[in-house]
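Working notes, structure below.
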Amino acid sequence: MSARGLGSATAVVVLLALGGGVAGYAVARAGHEPPTPIGEVRPLVAVDPAYPTDRPVLVREDRDEPPLADRVALRRVVLGTPPFTVSLAVPRDWVRSDSAGGEWRWYPPPGPDAAENLYFLRVRQVANLFQSVPAARAARRSALSTASEVQELEVVEERYDGLEVSYVSEGYRRHSLERWLTTPGSGETAQYYLGMIGRGVDRDAMVGLLDRIALSAESG
């Protein structure tokens, strides 16, 4: 074949290739049309419930035991080691249980095993935390609000040296009355913590009992 004939043949091949490419592009466009607009996208509205909710907290019935008596007989005890000791009055017939270093608890007889989800008294030495009374109260409130075992926390009353809260723990509604004490020469620094935890029916008697215990406290 001459050079002229070879050039003509090459031109035909190029034209066929270009034609095939154009045809293929047309077929591709025919098979992939742009998507049809579907309008504004909006989230679906929930029907029941209409907004997200937490699972309800199941609260068990309180133990069917008589409420705390209004006037519990007291006896004086000395807690701590010299020179960091405190003398105060505690329920006379209650059973003492030292749960941790610097913390003491008293339960109605026969003792802590039988008093679960009933009521008890707690005294704790907190001078080593070097917190003012307001700071100790705020720290306690914060700890309760983030505790995994505490649900439906409600602050009933909060004052300079005291805190009253209600919450659900282990399926039971609990009422906690808490107080912070100073000693002569300690300024605003909290030295001792008093707490009474019980049921709703025990609340009024716990208020009176905790007041008596706090007034009885003496350092040394």
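Derivation of every value follows stated rules applied to the coordinates shown; laboratory data play no part. Since the structure is predicted, the reported quantities are computational estimates derived from the model, not experimental observations. Cβ sites come from the backbone with ideal geometry, for glycine too, and all protein chains shown count toward neighbours.
Loop-resident trypsin sites (Lys or Arg not before Pro) (DSSP state other than H, G, I, E or B) in segment 151-181 with no more than 15 further Cβ atoms inside 10 Å of their Cβ are absent. Using a simple spin-label model with pseudo-atoms 7 Å out from Cα toward Cβ, LEU153 and ASP64 lie 3.4 nm apart. Toward the positive end of the charge dipole of segment 108-220, with +1 on the Cβ of Lys and Arg and -1 on the Cβ of Asp and Glu, the farthest Cα among SER145, PRO184, ILE197 is that of PRO184. Counted by neighbouring Cβ atoms within 10 Å, the residues THR183, THR81 run from fewest to most as THR81, THR183. Among THR189, THR146, the ranking by other beta carbons within 10 Å of each residue's beta carbon, starting with the fewest, stands as THR146, THR189.
Counting neighbouring beta carbons within 10 Å and listing from fewest to most, the residues PHE120, PHE130 come out as PHE130, PHE120.
The charge dipole of segment 135-220, taken about its Cα centre with unit charges on the Cβ of Lys, Arg, Asp and Glu (plus for the first two, minus for the last two), comes to roughly 60 debye. Note on segment 67-140: dipole from Cβ charges, positive end direction compared against GLY111, PRO134, LEU88; the farthest Cα belongs to PRO134.
What's the local net charge at ALA115, with K and R +1, D and E -1, over the other residues with C-beta under 11 Å away? Summing Lys/Arg as +1 and Asp/Glu as -1 gives -1. Considering only the other residues whose Cβ falls under 14 Å of the Cβ of ARG92, what net charge follows from Lys and Arg at +1 and Asp and Glu at -1? Net local charge, ARG92 excluded: +4.
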